[in-house]
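Asker: Take this structure first; my questions come after.
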Amino acid sequence: QVQLVDSGGGLVQPGGSLRLSCAVSGSSFSAYVMGWYRQAPGKQRELVAGITIRSTTYYADSVKGRFTISRDNAKNAVYLQMNNLKPEDTAVYYCQGSRDGANYWGQGTQVTVSS
C-alpha cells in the first residue's frame, strides 16, 4: 500500500519562503511520476509542479521562477521549494504520485501567505 504524507505548510508573509516535503512509503518510488497540486477555497485543484522519473521538471506558469520541485529517490521523498510567495499562493497543497495509471494523494498541507 502506497502512502504519501505531506508536511511543511504554514503561515508566511508575502515574499517569504516555505519548503514542502512529501514522504512516500512503499517500494519503487523511483518509478513514480510525482507532482504537487494546490486547491484554494472555491477553486478547482490545479497542478503546480511535476517531476518525471528522469527528473524532468515542469511548472504552472504562475509559479515559474519562484517554485522548484525536486526528488530524492534514496529518501523516497519529493520537495517543493517555494520562494517569493504571494497571497494568491494561499491554498492547500497536495502531493501526488502516479504509476501504471494509478494516482496516490497525500493528505494536504495548508499554505497561507498573508501579512
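The values are calculated or read from the model by the stated rules, or taken from the named source; none is laboratory data. What you are looking at is a predicted structure, and each value in this text was computed from that prediction instead of being measured. Positions of Cβ are generated from backbone atoms using ideal geometry, with glycine treated the same way; all protein chains shown enter the neighbour counts. Note: accessible area is taken over every heavy atom of the protein model, side chains too, but ligands, DNA and RNA are not part of it. Shrake-Rupley method; radii C 1.70, N 1.55, O 1.52, S 1.80 Å.
Asker: Any residue in the range 32-42 that is of a type in the set (D, E, K, R) and not in a strand (DSSP E or B)?
Answerer: Looking through the range 32-42, none of the residues is of a type in the set (D, E, K, R) and not in a strand (DSSP E or B).
Asker: Now for a separate question. Does Gly42 count as over 18 Å from Pro14 (Cβ atoms) and touching a residue at least 12 places away in the same chain (Cβ under 8 Å)?
Answerer: It is false that Gly42 is over 18 Å from Pro14 (Cβ atoms) and touching a residue at least 12 places away in the same chain (Cβ under 8 Å).
Asker: I'd like to know if the range 44-58 contains one or more residues that are more than 22 Å from Asp100 (Cβ to Cβ), part of a loop (DSSP other than H, G, I, E, B) and not charged (D, E, K, R).
Answerer: There is at least one residue in the range 44-58 that is more than 22 Å from Asp100 (Cβ to Cβ), part of a loop (DSSP other than H, G, I, E, B) and not charged (D, E, K, R).
Asker: Shifting gears a bit: Of everything in the range 2-43 that's hydroxyl-bearing (Ser, Thr, Tyr) and under 15 Å from the mean Cα position of the chain (by Cα), which residue is farthest from Gly101 (Cα to Cα)?
Answerer: Here the residue is Ser17.
Asker: Residue pairs, Cβ under 8 Å, 6 or more apart or interchain, first in the range 74-86 and under 14 Å from Leu20 (Cα atoms) and outside any strand (DSSP E or B), second open to solvent by 60 Å² or more (accessible area, probe 1.4 Å) and not polar (S, T, N, Q). List them.
Answerer: Qualifying pairs under 8 Å: Leu85/Pro14.
Asker: Among Gly50, Gly16, Gly9, which is the only one that is in contact (Cβ under 8 Å) with a residue 40 or more places away in the chain and open to solvent by less than 30 Å² (accessible area, probe 1.4 Å)?
Answerer: One residue alone meets the criteria, Gly16.
Asker: Let me ask another. Out of everything in the range 19-31 that is assigned to a strand (DSSP E or B) and among the hydroxyl-bearing types (Ser, Thr, Tyr), what residue ends up being least open to solvent (accessible area, probe 1.4 Å)?
Answerer: Ser21
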